[in-house]
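To keep things clear, I will list the structure first and then write my remarks on it.
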Amino acid sequence: MNPDQLDGRVGEGWGGTAPDGAHVNIVLARRGSPTAAAAVSMLAHPTPGHTPVLVCVGPTQAEYEPVWPPTLMMNKATALEERHQTLTWGAAQLGIGQGVLDAVADGLLEATAELLVLVAVWVHPDADDETALRLAARAATRAAIGECVHGRDAAAAQRLVDERDAVRNPFYGGD
């Protein structure tokens, strides 16, 4: 699909099971667009526990190379503990990279500099299985990109409207 048609599209994906699951939100941006400018500006504004990165893969840091299309990752859960940081910028980053590459292999995206993939990822602070987390981030990323490209299932969206008084959230404990 043409990068102009994908600019500003959003998607969401969940993979795995807590605490070793991953939740991602994805925005696609055409290079040079206001969406891309907003995405790139996040690289200049890190905060403690939130480090935006260009998603790279490689067996060693000296061999890192960015996945294509360029993918920017930001963590949603504040990562202050060393293990949480390692899982976020290790397993989750690798899984995100693999998920983007899966989307390219599946023909959803082109490996081009004309498109940016912005990924916000949530990694539970109690996560400890890096392989499960990597696989979860990969699945979540691929699912979210699919939603970006193909859109939201209309029947699922309507079901939420129909059930709006009964919908729940796992982080809400009220009535």
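Would you calculate, for the chain, the mean residue ellipticity at 222 nm contributed by helices, counting each DSSP H stretch of 4 or more residues as -39,500 (n - 2.57) and dividing by all residues, to the nearest 500?
-10000 deg cm²/dmol
What does the charge add up to near LEU115, with Lys and Arg as +1, Asp and Glu as -1, over the other residues with Cβ less than 12 Å from its Cβ? Each step should come with its number before you reach the end.
Numbers: positive: ARG9, ARG30, ARG31; negative: ASP4, ASP7, GLU110, GLU114.
Taking every other residue near LEU115 into account, the sum is -1.
So what is the relative contact order for the chain, in percent, with contacts set as C-alpha pairs under 8 Å and at least six apart?
Numbers: 356 pairs, mean separation 60.0, N = 175.
Once divided by the residue count of the chain, the mean separation gives 34 percent.
Report the extension gain between TYR172 and ASP128 in nm, rounded to one decimal, defined as 0.36 nm multiplied by the number of residues separating them, less their alpha carbon distance.
Full extension from TYR172 to ASP128 adds 13.4 nm.
Just to be sure I understand: of the beta bridges DSSP finds with both ends in segment 42-167, what percent are antiparallel, rounded to 5?
Details: 5 of 10 bridges.
Taking every DSSP beta bridge within segment 42-167, about 50 percent pair in antiparallel fashion.
Report, in whole Å, the centroid distance computed from the Cα atoms of segment 129-163 and segment 7-51.
A separation of 14 Å, based on Cα centres.
What distance in nm lies between label points placed 7 Å from Cα along the C-beta direction at ASP165 and LYS76?
Going from the ASP165 label point to the LYS76 one covers 2.9 nm.
Which peptide among 18-27, 147-156, 2-11 comes first, and what is the full order, when sorted by highest mean count of other Cβ atoms within 10 Å? Each step should come with its number before you reach the end.
On the way: 18-27: 21.6, 147-156: 12.7, 2-11: 16.2.
Top of the packing list down: 18-27, 2-11, 147-156.
Sum up the charges of everything whose Cβ sits under 15 Å from the Cβ of GLY99, counting Lys and Arg as +1 and Asp and Glu as -1, but leave GLY99 out. Don't skip to the answer; put the middle values down first.
Numbers: positive: ARG134, ARG138, ARG142; negative: GLU12, ASP102, ASP106, GLU147.
Neighbour charge sum, excluding GLY99 itself: -1.
How far apart, in nm, are two points set 7 Å out from the Cα along the Cα-to-Cβ line at ASP153 and at GLU114?
The modelled label-to-label distance comes out at 3.1 nm.
Along its three principal axes, how long is segment 58-128 when you only count alpha carbons? Whole Å, largest extent first please.
Sorted from largest, the Cα extents of segment 58-128 read 36, 26, 18 Å.
Going highest first, how would you order 157-166, 66-75 by mean Cβ packing within 10 Å? Please report the intermediate quantities before stating the final value.
On the way: 157-166: 8.9, 66-75: 21.2.
The densest-packed peptide leads the list: 66-75, 157-166.
Taking the Cα atoms of the chain alone, what are Rg (to one decimal) and Dmax (as a whole number) in Å?
16.3, 53
Explain nothing, just the number: dipole magnitude of the chain about its Cα centre with +1 on each Lys and Arg Cβ and -1 on each Asp and Glu Cβ, in debye rounded to the nearest 20.
Details: 12 positive and 22 negative charges, 67 e Å.
For the chain, the charge dipole is close to 320 debye.
Go through 131-143, 76-88 and give me the packing order, highest mean Cβ count within 10 Å leading.
Values: 131-143: 24.2, 76-88: 16.2.
Order by mean packing, descending: 131-143, 76-88.
Every number in this text was worked out from the coordinates using simple rules, so none of it is lab data. Everything numeric here is computed off the predicted structure, so don't read it as measured data. Reconstructed Cβ throughout: ideal geometry from the backbone, glycine too, with neighbour counts over all protein chains shown.
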